[in-house]
Amino acid sequence: MKKKQAVSEEPAEMIPSDSSSEGENEAPTKAKRSKTEDAGEKEEVVYHPVKLSRNDLYRPPTADELNQLKETESLFHCSLLKMQMEELLKEVTLSERRKGQIDSFIQTVTNLLQTVPESLQVEVSDLSWLSGAVKVPFLLLPKTTKGKFRMVPPASVDVIGSYPLGTCTKPNVMVDLAVTIPASVLQAKDAINQRYPRKRALYLAGLAEHLSRSSDIGTMRYSCLHGNRLRPVLLVCPPDKDSSFTIRVHACPPPGYFKPSRFHPQRNNIRTEWYTGLQTSQTETNEPPTPHYNSSLLGDLLLRAHLQFLSAVSSQCPAFAGGVALLKVWLRQRELDQGTGCFNGFLASMLLAYLLMTHRISNTMTAYQLLRNSLNFLASTDLTNNGVSLAKNPDSTAPSLADFHDAFQVVFIDPSGHLNMCADMTACTYKQLQREASVSMQFWDDPTVDGFYSLLMTPKPMIRTSDHIFQLCELVKFQSSCKKLNLLSELMDHSGNYIQTALPFILSLLQRGLGQRIHLLTHSLSPDPEWSVESEAPKYKDQPPLSFGLLLNPELAASVLERGPPADSPKAAEFRQLWGPRSELRRFQDGAITEAVLWEGEHMCQKRLVPKQIITHLLQLHADIPESCLRYVGAALDDVIKTGSEVNFEILTGEEESLVVVQAYDDLSRKLWALEDLPLSITAVQGAHPALRYTQVFPPVPLKLDYSFFEREKISRSLVPKEGKPCPAYITPVTVICHMEGSGKWPHDRLAIRHIRAAFHIRLGALLKKHHNYTCRPCPTHLDVCKDGLVFRIQVAYHREPQVLRESLSPEGLLVLRDNEEAQALEMATIHKPLLTSTLHGLQQQHQCFGAVCRLAKRWLAAQLFSDDVTEDAADLLVASLFLQPAPFTAPGSPQVGFLRFLHLLSSFDWRNNPLIVNLNSQLTAADYTEIKNGFMASRESLPVMFIATPKDHKLSLWTKRSPSVQMLQRVVLVAAESLKVLERQLMDGSQTQDIRVVMRPPLDAYDVVIHLNPKQVPLLGQAVDPPVVNFSRGTSGGSVRPSGGVLPVIDYNPVSIYLAELREAFGDLALFFCDPLGGTVITVLWKPKAFVKAPFKTSQVSARSVEVTGEEAKTFPNIEAILQDFRIMGKDLVKSVEAKTEKWLL
């Protein structure tokens, strides 16, 4: 009988004939080469299909397989998400090899710690036993305290924390080691007046001194546990520089040495007389409580108890370690897992333990289910009002939840019932955690969102999450804040840490002042300080500036009026106390007389900064923090989209100008609808210009002409600039599509249709002139109408014309439909662009900052010379996706954060493997998403490299069909990534030179030739990234604009764009040409590599080429010197100079 072949679980699996053993990977991202790979090209691996019997091929699935299939179907949107989760867990979990290295080093450190030499007993303040090199990791404030100290070997050394639990994750691998201070070193009253914390610090210094003598130890540094200066730790690294883990040594008292009741949150352990140095008559019962100090000491006492508790819980739940690992990844991406008052991995483990104990999750759940349930609990539970406890049967001395809530802002009690594990967390941090969990749950349940990448793989730094950021720089000013707010008791409780003392009060003050203007107020978590064991502990003021983030409520954030209670209301005094002299009585139109505060802000760019005015005023009034200490980053980028017109010396940023254009268009539209005496009626009037959707970088502004600048052309009587004058101001025609009704009167010939359209242009112009006295100029393709100082370009459209353009007769006389570029261009201009304009206009009504974000994005694309590759319409759609699919963020609430996310989208989106789906008007369903993605993958090679799908365009990506190319998209991605890095660093780092425009200046070194233009002939020079100090007069004057009548100005005349088009037409086969259309004074040239391949001589292809004869063979190659000369000749009076930056073209 034939031997039955072994079969794996997957019937379609292919196995190589030469199998190789798989080694343990040090890091999942960098796997070791297998033996087969090492063989290289010498031996090719041959794969053979596994032959299965009929029974094996059709055997029913096992119970295990059925459970997995059911779980995948019920829990995950697709099986891919389950695989992604499993891969992520492999990525962050420690390999066996790494664990072996860690275990070995732990044993080395433990052995060394057991041999610490003893020292004589001295006063705590006497450091003579310690060598001069190693310092004590403690700020001695006040200088002295009572007590004796001597150095002796530790009573025990134990591994604690995440490592023994199996929840330790990469990349920052930290292994905790608890060193027990022998009872002989401590005294019964060490809990008071910082005696124990100081002895703890001395003990750590003694350990550091001893370890520093060993060659088995690498670098050593001090740090603090989650920023708590009362709990310094010693960071010990292996001598091997390539090692990627650190041992964190904690010193702790013997278990049960102090009674937990000693650290009740209502008890005092810091005496006022000792702390202030002043004689007081207060008894111990009258002393203020010190809950934060108490919780710091209690945390040391319960280290081992917490490990035992978590070990018991985790042993009952197989997926516990995986659930904690996923939760830690989620927290890390949101910058919530490190720093003072963070939600660290220990709290994540305790949270899962609480959910298991209260049966909100079961022991049989997967890691994915544990993560989802944890986030659901965080989103729905407010620990600032309703704390929770892990203590099943607390003893009689344990505080009540009410006691904890009186002392702390966030309450989560440990299993002993005595320790609040969230003692250092502010209410704002927990509210941020709660909101992040809530947003994550919303996106995770949305089948159109890639939940895995959005929620676990996308970082959310504050600068990209908050709409506005501000920083408090001179932290030493918090000392005066503590005095102003009378916080002596709280300062004692925080052992002199004036920053953490004042922070909750400042947050509460700002929360009251900003009120409904914001959805969320967040703050950065002060990073754990690290310093050399040979340096003194850093002072509190030495930490980085504190950053605060505002998540704005767009409807109320820009309001200039803060309306308070009626004058006779009891709350009026409270309102006046909050706002101080800014509060005043005002009478409103409804007759009410109330307290009110009026902020400055006439234009949108000023109103955006009303929160800055509020914050500055409140901090100065109540916390004694001057404006010079405040660095507000909310409108730093507005300067690059200023319109150049100034009203009362205030720069405008385009919102008001766009509104003027839209209002003028609305009025023109109504008048077009009202026109009579037309052969056919108008069926639709649609805008098809970026200005009508608020996204034109510099919206058209009404211009009053200076007639002395112009002369009249003899025949048409049009205006032309006088000889020697600069190029006149560029006047943008705003495109309007006017659809006429269908009728049998329309001809079926393309030429005849064009003639009919031209006749309509003439008729519309005559009627507008007759009824409204508008100056009009009809042309075969359009009608220009001058209205309110703006020019509108009306184009008549007939809905069947694209169909007519596609029709042609075959040689047999049959009617054939063939798509062609002319028909596509007409459809784009008359159907797709008007529809896009109206849709994005609606999006602007929903999100006030949409237009400003588009304008910033397009200003950057133009400045970096990418505007021909990423078109205006494509850029608007890219920005629209940030508002319609913002996961893992919420929709941008300010232009600044929207622009940063735009750069991040460009640089991080996987354009090769994914379509960007922009769900305009929420018309796409989950099934549509699937259909688009499947169609994209099936036809990937024939589709544009940047594929943007919309509800009306599932398969073609109309907006990116022609550009960008693969090479240009790579360039865009590269420059966007670098711009994002530079810009975020500038916005967050006040010590850097603040020049936001640096990200708008293109690197010209990458180009072969730079053509410098004469600024006098660049009509949009005032819109340049670096505008000149003195501009040229371009035929306009100040004053009010006539609503109608007058002479038609020079329209749509830009010599730079005309010259650029001529260059591309003449030399497009040899080079690529780039220019900033918004005031750029250079045109850059990049030679195409293929253009320099020598070609056989042909008389039809000798333009701009030299001939080289070798024997009987004649070949041609580009004549670069002649081409550069042609650049100058073609651009006479426009080109100032031509600079060849490289010599790559030399043959």
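The values are calculated or read from the model by the stated rules, or taken from the named source; none is laboratory data. Given the structure is predicted, the values throughout are model-derived calculations rather than measurements. Cβ coordinates were reconstructed from backbone atoms using ideal geometry, including for glycine residues, and neighbour counts include every protein chain displayed. Surface accessibility is based on the protein's heavy atoms, side chains included, excluding ligands, DNA and RNA. Shrake-Rupley method; radii C 1.70, N 1.55, O 1.52, S 1.80 Å.
In this structure the range 977-1103 gives 49 Å² per residue of accessible area when probed at 1.4 Å with all protein chains present. Would you please give the FRET efficiency between S1106 and K952, computed as 1/(1 + (r/R0)^6) with r the Cβ-Cβ distance and R0 = 56 Å, to the nearest 0.05? Efficiency for this residue pair is about 0.65. Taking the Cα centre of the range 516-566 as origin and assigning +1 to Lys and Arg Cβ atoms and -1 to Asp and Glu Cβ atoms, the resulting dipole is close to 420 debye. Sites listed here are GluC sites (Glu not before Pro) in the range 802-847 whose DSSP assignment is loop and whose Cβ has at most 16 other Cβ atoms within 10 Å: E812. Qualifying trypsin sites (Lys or Arg not before Pro) in the range 859-948, where qualification requires a DSSP coil assignment and no more than 12 other C-beta atoms within 10 Å, comprise R912.
Accessible-area rank, largest first, for D953, D395: D395, D953, with all protein chains present and a 1.4 angstrom probe. Extension gain for T930-L57 works out to 311.3 nm (0.36 nm per residue, less the C-alpha to C-alpha distance).
Modelled label positions at K539 and A391, each set 7 Å beyond Cα in the direction of Cβ, lie 4.0 nm from each other. Separation of the alpha carbons by more than 20 angstrom is noted, of K961/K1094; K170/K241; K148/K541; K858/K1088, for K961/K1094; K148/K541; K858/K1088.
Multiplying the residue separation of K981 and N820 by 0.36 nm and removing their Cα-Cα distance gives an extension gain of 53.6 nm. One chain, two ends: S184 and N1014. Fully extended at 0.36 nm per residue, the span grows by 290.2 nm beyond their Cα-Cα distance. Extent of the range 96-257 along its three principal axes (Cα atoms, max minus min coordinate, largest first): 48, 30, 26 Å. Each of the peptides 835-843, 493-501 was scored by the mean count of other Cβ atoms within 10 Å over its residues; in descending order, highest first, they stand as 493-501, 835-843. Label positions at H771 and A674, each projected 7 Å from the Cα along the C-beta direction, are separated by 0.7 nm. Normalising by residue count, the range 368-412 has a Cα convex hull of 74 Å³ per residue. Relative to the Cα centre, the charge distribution of the chain, modelled as +1 at Lys and Arg Cβ and -1 at Asp and Glu Cβ, gives a dipole magnitude of about 960 debye.
Each peptide in 1051-1058, 197-204, 763-770 was scored by the mean count of other Cβ atoms within 10 Å over its residues; highest first, the order is 197-204, 763-770, 1051-1058. Dividing the convex hull volume of the alpha-carbon atoms in the chain by its residue count gives 285 Å³ per residue. Distance between the pseudo-spin-label points of S559 and A1006 (7 Å out from Cα toward the beta carbon): 4.6 nm.
Over 23 Å apart at the Cα level, from the set K1090/K1141; K146/K259; K704/K787; K484/K539; K642/K769, are K642/K769. For the range 1004-1140, the mean projected area of the C-alpha convex hull, equal to one quarter of the hull surface, is 11.6 nm². In loop segments of the range 679-756 as defined by DSSP, the GluC sites (Glu not before Pro) with at most 14 further C-beta atoms inside 10 Å of their C-beta are E713, E723. Computed across the range 814-878, the Kirkwood hydrodynamic radius from all distinct Cα-Cα pairs reaches 13.8 Å. Protection proxy ranking for 211-219, 241-249, 171-179, using the average of other Cβ atoms within 10 Å per residue and placing the highest first: 171-179, 241-249, 211-219. Taking a straight Cα-Cα cut-off under 19 Å and skipping sequence neighbours fewer than 8 places away in the same chain, the aspartates and glutamates within cross-link reach of K607 are D467, E555, E562, E627, D638, D639, E646, E650, E655, E656, E657. Note on V1041 and D624: with the Förster distance fixed at 35 Å, the Cβ-Cβ geometry gives a FRET efficiency of about 0.10. Placing R0 at 41 angstrom, the Cβ-Cβ distance between N486 and T993 gives a FRET efficiency of 0.55 after rounding to 0.05. Of the whole protein surface, E86 contributes about 90 Å² of accessible area at a 1.4 Å probe radius. The residue list A592, A191, S1137 was ranked by how far each Cα lies along the charge dipole of the chain toward its positive end, using unit charges on Cβ atoms, and A592 comes out on top. Under 17 Å of direct C-alpha separation, and excluding same-chain neighbours fewer than eight residues apart, K1136 reaches these lysines: K725, K1016.
Rounded if a/c is under 1.5, else prolate if a/b beats b/c, else oblate: with a ≥ b ≥ c from the C-alpha gyration tensor eigenvalues square-rooted, which is the range 726-794? Because a/c hits 1.5 or more and a/b exceeds b/c, the range 726-794 counts as prolate.
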